[in-house]
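One structure below.
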Amino acid sequence: MILIVDDKPENIFSLKRTLELNGFSVDTAESGEDALKKILKNNDYSLIILDVQMPGMDGFEVADAISGYSKAKDIPIIFLSAVNTDKKFIAKGYTSGGVDYVTKPVDPDIFILKVKTLHRLYEQNRELNRIHIALRKEVEVRTRAEESLNAKVEELRSILEVIPQAAFTLKPDGSIEFVNEYWFLYSNEAGKLPRVHDQDAWIYDKWKESIQLGKPLVCEVRIRNIANNEYRYHLLKLMPIRQRASIVKWVGTFTDIHEQKSANEYLENKINERTRELMSKNKELESSNHELQQFAYVASHDLKEPLRKVQIFSSILKDKYEDKDPDLQDHLSRIIKSSRRMGNLINDLLDYSRLSKESFYQPVNLNDIIADILPDLELIIEEKEAIIDLTPIPIIDAIPGQMRQVFQNLISNSLKFSREGVPPQITIAAERVEADALDALPAEKGPYCRILLSDNGIGFNSTFSDKIFTIFQRLHGKEEYEGNGIGLAIVKKIVEKHNGSIYVESKENQGTEFIIILPVHQTNISK
């Protein structure tokens, strides 16, 4: 913007019109005092056209005042005068800070050329000032950065001097710049790398490659201790330090890991030795398990045969002397009942032993398995007027026969241990969860399936929660409830064989809830 200062409105109008026609923005003032006020408020003027002869402050006084104001002193001034055309006034105009002195009448074409030139020079000068200020700030920033970097380098060197490692720094080209005292345990010269074992000579190529590519280097290498010529394992770390994407330095260390390496090798040997022993023991266990399974099968078969004869002949005697001797009838009934319980126990033990046999998993629809179990329990369900509420269970990888045992035992237990006069209510629900944990959060595609089976039966004291899964353990007498104490042990063993977990929560006379968590997918799936 150009400021025109003149006490005559007609002069201002003429100049303003001429400048605006040439594309300049114009501001005006009709006195020196008014001009100073505007200059103090707005220092964005690129040129001041100042009339010399004005009442009050004349043009020279205004120019002197402007030169004393730091923010406006560089604004170029053109003096205009129709009266003071003498050489001494022109000289005074230049000494007052003017860059030109134009006498009236003014040639518009020449005047516009001068204005354009001065305006352009002013803008160029201002741009140069901006560049100068920016460069000065850049220099200050770089100076501070350099000082900071030097301080960090000194700090780094101080740190490297006290650490118990061979530490060093390299220039960007890879030449050694600094080494600490520890370095001289492995090298006679500051600029020479320690000698490495012949089998580790590849490290020199790796070193050069790392420097060329500007990538960190981390590896194990054996270097020679000068004092005893012993090669010791060290961990070499070489890291680039960058500033604005350029590598300004490399920092490296050789850390003695010889004892650690020796200990690891010793442990690895021990682990390998122990692994071989365990594999041998596993083979022995597999053989023993196979023999035990064979024994269980043969023993159960051999036990069943005489037991079957006891049952048959006891029944014959009971029928033969049905009306003759009441005491004999009672004794025979007890024999038959005990032999039946003995048969069930043999069958349960045989089932329990078979769980050790390896089986293959396959996708199993547990809803179909439960639906297949319920008809087998139809009589007791109708007798007790039980209600079974089943919600869909996700398909999981499992062993179908064993899953049938799990739900057969759990549902049978809930029906068996119901409260007198209270119809059993059994609820089976399931959801996929994030982890094998009681408090795992539900997840639509979680890797585990959590199955909840709850009832309103007699329950038990929660302090016996672990005891009920132990084989042959019973919380109630066999006179009150039938059973051998094997059912829940079988359930637990099956769940664990499926890499899952089972929990139980119960309150006396309120009911019991079993929580089973099983993986949705297993590894050895049969095709």
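The values are calculated or read from the model by the stated rules, or taken from the named source; none is laboratory data. The structure displayed is predicted, hence computed values, not measured ones. Please note: Cβ atoms are built from the backbone with ideal geometry, for glycine as well, and neighbour counts cover all protein chains shown.
Observations
- Whichever residue in the stretch 201-233 is touching a residue at least 12 places away in the same chain (Cβ under 8 Å) and over 37 Å from the mean Cα position of the chain (by Cα) and, among such residues, is farthest from G252 (Cα to Cα): A227
- Residue list for the stretch 218-252, restricted to those being of a type in the set (A, V, I, L, M) and under 20 Å from D198 (Cα atoms): V218, V221, I223, I226, A227, L235, L236
- If the condition is being in contact (Cβ under 8 Å) with a residue 12 or more places away in the chain and charged (D, E, K, R), then the stretch 132-162 contributes R157, E161.
- For D368, the criteria (1) among the acidic types (D, E); (2) under 19 Å from F514 (Cα atoms); (3) not in a loop (DSSP other than H, G, I, E, B) hold in every case but one, which is (2).
- Applying a threshold of 9 Å to beta carbon distances and a minimum spacing of six or more residues, or different chains, the list of pairs starting in the stretch 112-131 at a residue that is within 18 Å of T18 (Cβ to Cβ) and free of Cβ contacts under 8 Å to residues at least 40 places away in the same chain and ending at one that is of a type in the set (A, V, I, L, M, F, W, C) and loosely packed, with under 15 Cβ neighbours inside 10 Å is empty.
- Unique match (being among the β-branched types (V, I, T) and surrounded by 15 or more Cβ atoms within 10 Å (Cβ to Cβ)) among V221, V248: V221
- Of all the numbered requirements in (1) touching a strand residue (DSSP E or B) at 6+ places or on another chain (Cβ under 8 Å); (2) part of a loop (DSSP other than H, G, I, E, B), N188 misses one, and that requirement is (1).
- From the options V153, V141, residue that is surrounded by fewer than 11 Cβ atoms within 10 Å (Cβ to Cβ) and among the hydrophobic types (A, V, I, L, M, F, W, C): V141
- The stretch 17-31, subset over 20 Å from I66 (Cβ atoms) and charged (D, E, K, R), residue farthest from the chain's Cα centre (by Cα): R17
- K116 vs. criteria of a type in the set (K, R) and within 41 Å of the chain's Cα centre (by Cα): no
- With respect to the conditions (1) under 18 Å from Q243 (Cα atoms); (2) of a type outside the set (F, W, Y); (3) not in a helix (DSSP H, G or I), G98 falls short on a single one, namely (1).
- The set of residues in the stretch 57-73 being exposed (fewer than 14 other Cβ atoms within 10 Å of the Cβ) and either within 60 Å of the chain's Cα centre (by Cα) or at pLDDT 80 or above (or both) consists of S70, K71.
- Among residues of the stretch 386-403, those that are surrounded by 19 or more Cβ atoms within 10 Å (Cβ to Cβ) and part of a helix (DSSP H, G or I), counted: 2
- Unmet requirement for L193, which otherwise passes all of (1) without any contact (Cβ under 8 Å) to a residue 24 or more places away in the chain; (2) over 19 Å from E259 (Cα atoms); (3) in a strand (DSSP E or B): (3)
- Per-region count, the stretch 41-52, residues surrounded by fewer than 16 Cβ atoms within 10 Å (Cβ to Cβ) and under 16 Å from I77 (Cβ atoms): 3
- Selection of the stretch 9-22 for residues being closer than 20 Å to A63 by Cα and either loosely packed, with under 13 Cβ neighbours inside 10 Å or hydrophobic (A, V, I, L, M, F, W, C) (or both) yields I12, L15.
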